[in-house]
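The values are calculated or read from the model by the stated rules, or taken from the named source; none is laboratory data. Nothing here was measured: the structure is a model prediction, and the numbers come from that model. Note that each Cβ is placed from the backbone with ideal geometry, even for glycine, and that neighbours are counted across all protein chains shown.
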Amino acid sequence: MSTHEQTGERYSNMLMGFSIEPMRERDLYEVVDIEEASGLNRWGYDAYRRELYTNQNSVMLVARTLASDGFVIGFFAGWVIEDELHVNNVAASPAHRRIGIGEALMASGIGEARLRACRFVLLEVRASNEPAQSLYRKLGFKIVGRRRDYYRLPTEDALIMKLAL
């Protein structure tokens, strides 16, 4: 269970109209829809559900609208491994991009890493994904390596980015 779940904390950005909350099973269909629309390496419903219920080291967050419908407009999935938070997936729905959702999700994930005494955050990003790389640099990440042919459909290198905490 994440620290967010233990404390019941809810992060909100009232100006932007969304909050960052722990992911729940009822969110998974929307999470998978965002995953598919974003071209991420597919995890699918069962993998996210398994993470929620069986991996105490997972960090699973959603961005949710503050409107009464409260639908999911972004998500973050990561693992704490020893003293590292590894970011597996982060995405905002295509209709809600460029309004700070990705940054808020990353900031919340980084905050969780600090609470869990991580020393750094690591992620891979498509070499062609300049908007994501720009966001990660803004948050203090540095490129530390490259994984050749890491992504499929299309095949592409990944840049490894690291943030020291």
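For the range 32-86, a residue qualifies if it is touching a residue at least 40 places away in the same chain (Cβ under 8 Å), part of a helix (DSSP H, G or I) and of a type in the set (Ser, Thr, Tyr), and exactly one does: Ser38.
Summed over the range 108-137, residues that are part of a loop (DSSP other than H, G, I, E, B) and either on the phi < 0 side of the Ramachandran plot or of a type in the set (Phe, Trp, Tyr) (or both) total 6. From Val72, Val90, Val80, grab the single residue that is closer than 23 Å to Arg146 by Cβ and buried (at least 18 other Cβ atoms within 10 Å of the Cβ). After ruling out the rest, the residue left standing is Val90.
Looking for something surrounded by fewer than 17 Cβ atoms within 10 Å (Cβ to Cβ), modelled with pLDDT under 95 and more than 17 Å from the chain's Cα centre (by Cα) - is there at least one such residue anywhere in the range 98-108? No: the range 98-108 contains no residue that is surrounded by fewer than 17 Cβ atoms within 10 Å (Cβ to Cβ), modelled with pLDDT under 95 and more than 17 Å from the chain's Cα centre (by Cα).
Residue count for the range 117-150 under the criterion of being closer than 29 Å to Glu21 by Cβ and either surrounded by 14 or more Cβ atoms within 10 Å (Cβ to Cβ) or touching a Gly at 6+ places or on another chain (Cβ under 7 Å) (or both): the result is 15.
Per-residue answers, yes or no, for (1) of a type in the set (S, T, N, Q); (2) more than 18 Å from Glu36 (Cβ to Cβ); (3) touching a strand residue (DSSP E or B) at 6+ places or on another chain (Cβ under 6 Å); (4) modelled with pLDDT of 95 or more:
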position: Ala63; (1), (2), (3), (4): no, no, yes, yes
position: Ala77; (1), (2), (3), (4): no, no, yes, yes
position: Ala95; (1), (2), (3), (4): no, no, no, no
position: Glu112; (1), (2), (3), (4): no, yes, yes, yes
position: Phe120; (1), (2), (3), (4): no, yes, yes, yes
position: Lys138; (1), (2), (3), (4): no, yes, no, yes
position: Gly145; (1), (2), (3), (4): no, yes, yes, yes
position: Thr155; (1), (2), (3), (4): yes, yes, yes, no
